[in-house]
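Trainee: One structure, pasted below without further comment.
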């Protein structure tokens, strides 16, 4: 079993993959590519939390065996978003790292259940959570296994989908001593801005990034406009490493 | 079984009671008082969603029989906040109206479970939800049984705990045709402002209010500073009815 | 000369008129109508602060004589927005009440100049000003002659143009003791919501309202969609007085 | 006379100096230090826009000769914030670059006056301006001579003084083609975070930074807690250049 400390031995931690799994082939191709370019962890949503019930809700349980195949063939670690207490057991063999999304940041029953599990867990910040709420939620699961993820807050500023809040990331990291990664995809909402924001996060001191990436962004059913191609991911990796070493 | 339409036959709908149940005696006394002054529904939290795990987490299951006694003795309807799918069954005999809190507004697994239940449900708005997210969440449960509850949004404005967003309440009501009540307690965070904001909500067109009230606010373990006394509740009720009839 | 105390002798203070003056005829007709329905003060912008330089910038100085005619014929008081130190002298004969817009709330050179003038002044709140900034700006002019105006703040909430912040209005009024009026027009951005928000403001305790009104909203060059007709203004006045007396 | 294009020939553009001038000696020492470390432009406020009238309002006109001495002795360019139309003439000999602060971003009379002047101008973004408002304000002065400055927006997020909005900076730069610099000092409000945020801005693609710097931050009368020492400025410059070249 991987621990949070193992995960962060070779920083920056890079997590890549599509927002939502759509087919075995796409997943496998994307996984091989991002592995080659330096990613350590593969991400792909199986059960998607969607604003409206008639939107695509993810491929569900059948994606579990696709991810298991990816783990075995590529050697990548895998992380899957958990939205319900019962899914914690369901992903036990597949998900090396658990992951709680923004909408469930204060789903305390889920947090308590994850608290019983030894795996490291990524906790995305809620849409406008305070530092106290974010750290409080982390404490429900255990501060020593949590990696916080800043993904943008909803504000009166209208430039992109969300405003990336590096100030909050810095406070979580420096004042509370918890590792923090940045999600540039959801804050951007547009592909051409993802790299700029990822680099900003790393320059500010993030311990890693989580980036929506696919060999073919145009086939994505969720978050298509903010998913970067594996080619662009490769270019980004190059710059990320350079900035990290400054 | 009460339906949403029955509930709204005598508007404004008034829901009152303490934030969190603390003792049988306090609950019963408060219930008799608010009933006498015109409330139709009694509220009291049993399992409290708290930002930090070491805060008081509510009296839990043992409060269920207290609420049952209140229903029988006072004739008030009862509403209890549900935070987990399993609690839906637990409150079946007690809670005439289900209720989803702000932190669970997009806990879609919970929403789907409640969607299978015929009871009316109050859906509090998330800390900074868009209209689309709020109505989307309601749709998961069934638009014909939901009563939306505006409780203030987190903004850059610093006057009180949250900014009461009557604009959003109006859009939900007029553009989407869903009944909406206002929670003046959480937005205020201070007792002396609760009445002013409740009256504003009714004047704007809210179908009702939900107000944290106790015979003895000083003994409250949660939200003490924003809980009004039953005396003040009585004064508020008087003005609410006058404004509603203008 | 009118003083602030005189102005507030017959509350609620009601200020009405078009966003921007367009013709003598429209102004005069509108003034007669709103006077008849109970307004005490007439408003009309002459120099308009517009986001982009190629938008209509107002009729300018020539509107001064139109407003003078209105004062004389209808007996209404007049208020004109001042955007520059030099305009303070320019409006001396016409504007019984000075008025500083949101964009100039912290234009301290302008505030100091107005501070030398004895007339009462309306100070609109900036787009996201804190209470301290709003009151600080008022102090530059003299707290005993200022009437604060809440007109909505820019937030992450997307329901209407701005979020009306009655919480801030209440703090300014109760914690600082300064009179406050509400502008329901700019926060709404849509005509059908203006009345609901005006009533909410009065129910919360506002000392008055300022409402964009015209005999013919469709001819307005600025803020057309949020300007109500004088017919609707009459209906609103009826309800406003009833709520104020509850 | 320096033009905007000349200024941006050697990017990143670095502007440093104290928030507010306090004495000739401190200014001169700070100027020599930041020049040595690579700054191209010296900043120091003379007339300070303060929230409350009883706060320190700056040294005023007497600082002009101090800045003139610095220009002559160090060869640095100078920029001074202008708060009123009349100050445009007052700083003509001293200020190579004009500068409009956040509170005056929509002081259109000031913008028009500056529009008649050929000098380049820094336009700080208002506390929660939209992209359209920011670019609209720039258009009043002339898009070809403006350098936009992102300095943080006021939001519901509570981590630091303001939330640095790199998303808006990126949209201004890429969608509108206007040069943009970042002010990490005002968004941070605390010295230890200034460097992290400055590096984030440069990594995201900013054309430069403006940083509050002093040989002795502890003597500063304004913004003391966010002013970095010239030693820390030197360390920051090293990293800024490395990141800029990645």
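Quick note: the coordinates plus some simple rules give every number you see, no bench work behind them. Everything quoted here is computed from the prediction, not taken from an experiment. We place every Cβ from the backbone using ideal geometry, glycine too, and count neighbours over all the protein chains shown.
Trainee: Over 10 Å intervals from 0, what percent of Cα-Cα pairs in the range B:126-205 sits in each interval?
Mentor: P(r) over the range B:126-205, rounded to whole percents: 19, 51, 27, 3.
Trainee: I would also like to ask the following. Considering only the range A:45-176, what is the antiparallel percent among its DSSP beta bridges, to the nearest 5?
Mentor: Antiparallel bridges: around 10 percent, rounded to the nearest 5.
Trainee: Based only on the alpha carbon positions, what is the Kirkwood hydrodynamic radius of the range A:14-245, in angstrom?
Mentor: 17.5 Å
Trainee: What is the log10 of I(q)/I(0) for the range C:1-47, computed with the Debye formula using one identical point scatterer on each Cα and no solvent, at q = 0.24, 0.27, 0.33 Å⁻¹?
Mentor: The Cα Debye sum returns log10 ratios of -0.88, -0.97, -1.14.
Trainee: With respect to the symmetry axis carrying chain D onto chain B, which residue of chain D exhibits the smallest Cβ distance to that axis, and what is the value in whole Å?
Mentor: Measuring from each Cβ to the axis, the minimum is at D:156, 3.
Trainee: Mind jotting down the three principal axis lengths of the protein assembly as shown based on Cα atoms? Whole angstrom, largest first.
Mentor: Computed over the protein assembly as shown, the largest-to-smallest principal extents equal 72, 68, 47 Å.
Trainee: Name the residue, out of C:57, C:86, C:226, whose mean-square fluctuation peaks in a Gaussian network model built on chain C with Cα pairs under 10 Å.
Mentor: Comparing C:57, C:86, C:226 in a Gaussian network model of chain C, the most mobile one is C:86.
Trainee: Taking every pair of Cα atoms in the range C:148-246, average 1/r, invert it to obtain the Kirkwood radius, and report Rg/Rh to two decimals.
Mentor: 0.97
Trainee: Give me the one-decimal nm value for the distance between modelled label points at residue A:116 and residue A:10, 7 Å along each residue's Cα-to-Cβ direction.
Mentor: 3.5 nm
Trainee: Got the residue B:92 label distances to the other copies yet, label 7 Å along Cα→Cβ, in nm, shortest first?
Mentor: Those separations, rounded to one decimal, come out as 2.9, 8.2, 8.6 nm.
Trainee: Right, something else. I want to verify a result. In a Gaussian network model of chain C, Cα cutoff 10 Å, which of these has the top mean-square fluctuation: C:80, C:171, C:91?
Mentor: Highest fluctuation of the listed residues: C:171.
Trainee: Continuing with this model, one more query. Taking only C-alpha pairs under 8 Å that are 6+ residues apart, what is the relative contact order of the range D:112-215 in percent?
Mentor: This gives 22 percent for the range D:112-215.
Trainee: Under the convention of a label 7 Å out along Cα→Cβ, give the distances in nm from residue B:242 to the same position in every other copy, shortest first.
Mentor: 1.4, 7.0, 7.2
Trainee: Per DSSP H run of n ≥ 4, the term is -39500 (n - 2.57); total these for chain B, divide by its residue number, and report the mean residue ellipticity at 222 nm rounded to 500 deg cm²/dmol.
Mentor: Rounded to the nearest 500, the figure is -12000 deg cm²/dmol.
Trainee: Within 10 Å of each residue's Cβ, count the other Cβ atoms and sort B:24, D:125 from fewest upward.
Mentor: Neighbour counts put them in this order, fewest first: B:24, D:125.
Trainee: At what distance in angstrom do the alpha carbon centres of the range C:170-212 and the range B:75-151 lie from each other?
Mentor: Here the two parts' Cα centres lie 32 Å apart.
Trainee: Placing the label point 7 Å from Cα along the Cα-to-Cβ direction, what are the distances from residue A:53 to the equivalent spots in the other copies, shortest first, in nm to one decimal?
Mentor: Values, ascending and in nm: 3.3, 5.5, 6.0.
Trainee: Given a Förster distance of 25 angstrom, what is the FRET efficiency for residue B:62 paired with residue B:192, based on the Cβ-Cβ distance and rounded to 0.05?
Mentor: After rounding, the FRET efficiency stands at 0.15.
Trainee: Further question on the same structure: Calculate, in whole percent, how much of the Cα-Cα pair population of the range B:1-149 lies beyond 28 Å.
Mentor: Beyond 28 Å sits 15 percent of the P(r) for the range B:1-149.
Trainee: Please report the antiparallel percentage of the DSSP beta bridges confined to the protein assembly as shown, to the nearest 5.
Mentor: 5 percent
Trainee: Only bridges with both residues in the range C:14-245 count here: give the DSSP antiparallel percent, nearest 5.
Mentor: Beta bridges within the range C:14-245, antiparallel portion: roughly 5 percent.
Trainee: In addition: Given a cut-off of under 8 Å on Cα pairs at least six residues apart, what relative contact order in percent is computed for chain D?
Mentor: Result for chain D is 20 percent.
Trainee: Name the residue, out of A:60, A:142, A:101, whose mean-square fluctuation peaks in a Gaussian network model built on chain A with Cα pairs under 10 Å.
Mentor: With Cα springs under 10 Å in chain A, the top fluctuation among A:60, A:142, A:101 is at A:60.
Trainee: Turning to a different aspect of this structure: Where the eigenvalues come from the Cα gyration tensor of the range B:64-170, what are the semi-axes √(5λ) of the equivalent ellipsoid, largest first, in whole Å?
Mentor: One finds semi-axes of 26, 17, 12 Å for the range B:64-170.
Trainee: Relative contact order of the range D:1-51: what whole-number percent is it, with Cα pairs under 8 angstrom and at least 6 residues apart?
Mentor: The normalised contact order for the range D:1-51 reaches 44 percent.
Trainee: Send over the Kirkwood Rh of the range C:18-100, from the inverse of the averaged 1/r over different Cα pairs, rounded to one decimal Å.
Mentor: 12.9 Å is the Kirkwood radius here.
Trainee: Here's a follow-up. If each residue's Cβ is checked for other Cβ atoms within 10 Å, how do C:134, C:47 rank with the fewest at the top?
Mentor: By the 10 Å Cβ count, ascending, the order reads C:47, C:134.
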